[in-house]
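Participant: Below is a structure I'd like to ask you about.
Laboratory data are not the source of any read-out in this text; all were calculated from the coordinates shown. All values derive from a computational prediction rather than experimental measurement. Here the Cβ positions follow ideal geometry from the backbone for every residue, glycine too, while neighbour counts run over all protein chains shown.
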Amino acid sequence: LKDITVALAGNPNCGKSSLFNALTGLHQKVGNFSGVTIERHEGYVDYNGYRIRFVDLPGTYSLTAYSPEELVTRHYLTMDRPDIVVNVLEGPNLERNLLLTTQLMEMEVELLVALNMFDEVQEQGIEIRDKQLQTLLGCHIVPTSAKKMEGLEALLDHVVRVYEGDIEIRKNKLAFRPELERAIEEIAGVLDLEPDFGGSNTRWLAIKLLENDKEIYSRVNRYPVWVKIELLLQQALQETEKMYASDPEVLITEDRHAFIRGAMKECVRLPEVRKVSLT
Ligand code: GDP
Ligand code: K
């Protein structure tokens, strides 16, 4: 059997544990993530000559450094490097769920989306143009229902095929407004000069620095390149204050939401009744 490690990531209540249970059945064990008291559920399923190991990450809305759950999740993704990350989405609440997706897109992980609660999506008459959404997110999307045990085999099949590189899809990245993109590029360029960071995901580190991420700050500020980076961060702040009367952290969030609104507009149609009841 060939081993594939898959991390399940998603918002709280997206149905992640239900999906994990449906996929791994009795082959489960519970431990802790190192150094913290957050439970780590692991399980596996044997499928077509592969042992697919699932790690159920804590439910999170975001990947900042503000909560232990979010820190555990991104440490796992950046340090343990699972083969594939399945981002479980709550189908009927796509818009809210996509914030985490935009952050996973930045992380250079092999991403796959499980569009869960698809039974609810259909019942509520929500139309999702999944091909379009796939192109925007730059990853494959598999509709699932953990409740009705549907789409599970399709998900496993996609895991194997993504792992083997059989079904490649063009990765997409969320482009921030030009001033931010320029700052990201410059900061990443400086980080690339430091051997300890060169080869790692310096674009992600640069975005995090512009978001004032304390953990990434403390990882980077002991290096000589910090002097240059601090200057670039100050420049970016001055520029965005002048142009938008705002700071990079706020603008990055705004741009993520703008991307999500665009994706929703292009790919999702809510039924008339729901549109009315929302207004
Ligand atoms: P988690 O917080 O992401 O682990 O979410 P849970 O697995 O605990 O599920 C949250 C709620 O959604 C529970 O009441 C589940 O029964 C329900 N649920 C999970 N998956 C599905 C699904 O595919 N369809 C429907 N209709 N409900 C689901
Ligand atoms: K739960």
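Participant: Can you give me the long-range amide H partners of E110? Hydrogens built in the peptide plane at 1.01 Å from N, cutoff under 5 Å, separation of 5 or more residues or another chain.
Facilitator: Excluding prolines and chain starts, which carry no amide H, the hits are V85.
Participant: So, one more: Based on the Kirkwood radius over alpha-carbon pairs, what value in µm²/s does the Stokes-Einstein equation return for the translational diffusion coefficient of the stretch 146-276 at 10 °C and 1.306 mPa s? Numbers along the way, then the final one.
Facilitator: Values: Rh = 17.8 Å.
Roughly 89 µm²/s, to the nearest whole number.
Participant: How much net charge surrounds N48 when only other residues with a Cβ under 13 Å from its Cβ are counted (Lys, Arg +1; Asp, Glu -1)?
Facilitator: Numbers: positive: K2, R51, R161; negative: D46, E153, D157, E164, D166.
That sum, taken over residues with Cβ under 13 Å, equals -2.
Participant: Treating only the Cα positions of the stretch 82-193 as identical point scatterers, give the base-10 log of I(q)/I(0) from the Debye formula at each q in 0.12, 0.15, 0.22 Å⁻¹.
Facilitator: Computed log10 I(q)/I(0) values: -0.48, -0.71, -1.25.
Participant: Mean shadow of the stretch 156-196, computed from the convex hull of its alpha carbons, in nm²? If you can, show how the numbers build up before the last one.
Facilitator: Details: hull surface 19.6 nm².
For the stretch 156-196, averaging the hull's shadow over all directions gives 4.9 nm².
Participant: Let me ask something additional. How are the C-alpha pair distances of the chain spread across 5 Å bins, as whole percents from the shortest bin up?
Facilitator: With 5 Å bins starting at 0, P(r) equals 1, 5, 12, 16, 17, 16, 13, 10, 6, 3, 1, 0.
Participant: Quick check on packing: order 4-10, 216-222 by the mean number of other C-beta atoms within 10 Å, highest mean leading.
Facilitator: On the way: 4-10: 23.6, 216-222: 14.9.
Result, highest mean Cβ count within 10 Å first: 4-10, 216-222.
Participant: Using the reciprocal of the averaged 1/r over all distinct C-alpha pairs, how large is the Kirkwood radius of the stretch 204-279 in Å? Write down the numbers at each step before the final one.
Facilitator: Numbers: mean 1/r = 0.0667 Å⁻¹.
Radius from the Kirkwood sum: 15.0 Å.
Participant: Skipping prolines and chain starts, which residues have an amide H placed within reach, meaning under 5 Å, of the one on T144, given they are 5 or more residues away or on another chain?
Facilitator: Those lying under 5 Å, H to H, from T144 are L115, N116, M117, F118.
Participant: OK, next. Find the all-direction average of the projected area of the Cα convex hull for the stretch 180-226, expressing the result in square nanometres with one decimal place. Can you show the working numbers first?
Facilitator: Numbers: hull surface 11.3 nm².
Approximately 2.8 nm², given one-decimal rounding.
Participant: Please compute the Kirkwood hydrodynamic radius of the stretch 22-122 from all pairs of different C-alpha atoms, in Å with one decimal.
Facilitator: Numbers: mean 1/r = 0.0678 Å⁻¹.
It works out to 14.8 Å.
Participant: Tally Lys/Arg at +1 and Asp/Glu at -1 over every other residue whose Cβ is under 12 Å from the Cβ of N201; what's the total? Walk me through the intermediate numbers first.
Facilitator: On the way: positive: R74, R81, K173, R203, K208; negative: E106, E108, D192.
Summing Lys/Arg as +1 and Asp/Glu as -1 gives +2.
Participant: Taking a cut-off of 17 Å between Cα atoms, list the lysines near K208, but don't count ones fewer than 8 places away on the same chain.
Facilitator: Within reach: K173, K228.
Participant: P(r) tail for the stretch 24-77, what percent of Cα pairs lie past 18 Å?
Facilitator: Details: 571 of 1431 pairs.
Taking all Cα-Cα pairs of the stretch 24-77, the fraction more than 18 Å apart is 40 percent.
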